[in-house]
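The values are calculated or read from the model by the stated rules, or taken from the named source; none is laboratory data. Predicted model, so just to flag it, every value in this text is computed and none were measured. Cβ atoms come from the backbone with ideal geometry, glycine included; neighbour counts cover every protein chain shown.
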Amino acid sequence: MAKLFIYLLVAVSIISLALLGIYLLITASNNTGTIVIGSLFLVLAVIFLIAFCCLRKRLELATIIVKVAAKFVSENCLIVILPIVLFVILVAYLTLWVLQALGFYSLGTPSTAQHQYPFQHFTINDSIKTLFGVHIFHLIWVLLFFI
């Protein structure tokens, strides 16, 4: 069933690209941009067809992987909850990260210069900038850990 579904998706993609290219070429009345875009869609359809023919063995391997993954998910139903829990944890972490970043921003000295911001502008020294750089590195590190 998975093999049929993947082949159906590939066929629909190639046919729709070709039909869109043909439609654009037929309706283009000496409009160079439309002719170029229609031709690009046709070329893209041909490239997809060639890639499909060349990568057919890999697509069969992908269908086997999809079947095994579907069997795993059907046997371990609680695995479906994992992305939801991870999303809630990431939203909570990002909220705390933004609050801490605002705290680092407010460590600077308030500026008396005229500005058009709706909030107080702070002059930040180099040690706070370094601390904020480490804070950004920490954000990237933790996000990649969760992913």
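Among the residues of the range 1-46 satisfying the criterion of being within 30 Å of I65 (Cα to Cα) and of a type in the set (S, T, Y), which is modelled with the lowest pLDDT? Out of the qualifying residues, it is Y7.
If we scan the range 53-76, do we find a residue that is under 32 Å from the mean Cα position of the chain (by Cα), of a type in the set (K, R) and not assigned by TED's automatic domain parsing to the domain that holds L20? No.
Screening Q114, Q120 for residues that are surrounded by 11 or more Cβ atoms within 10 Å (Cβ to Cβ), farther than 30 Å from V10 by Cα and not charged (D, E, K, R) leaves exactly one candidate, Q120. When K71, K67 are checked against the criterion of being among the basic types (K, R) and surrounded by 12 or more Cβ atoms within 10 Å (Cβ to Cβ), K67 stands alone in meeting it. Counting residues in the range 76-88 that are surrounded by 11 or more Cβ atoms within 10 Å (Cβ to Cβ), in contact with a helix residue (DSSP H, G or I) (Cβ under 8 Å, 6 or more places away or on another chain) and of a type outside the set (A, V, I, L, M) gives zero. So, Y7, is that one in the same structural domain as N125 (by TED's automatic domain parsing) and without any contact (Cβ under 8 Å) to a residue 60 or more places away in the chain or not? Spelling it out, it is not the case that Y7 is in the same structural domain as N125 (by TED's automatic domain parsing) and without any contact (Cβ under 8 Å) to a residue 60 or more places away in the chain. Can you name every one of the helices (runs of 4 or more DSSP H) wholly within the range 7-108 that holds 3 or more residues which are aromatic (F, W, Y)? In the range 7-108, the matching helices (runs of 4 or more DSSP H) lie at 32-54, 82-105. Whenever a residue of the range 18-45 is free of Cβ contacts under 8 Å to residues at least 12 places away in the same chain, its partners that are part of a loop (DSSP other than H, G, I, E, B), lying with C-beta atoms within less than 7 angstrom and at least six residues away or across chains, give the pairs T34/A28; I35/A28.
Looking only at the range 126-147, residues that are part of a loop (DSSP other than H, G, I, E, B) and modelled with pLDDT of 85 or more come to 0 in all.
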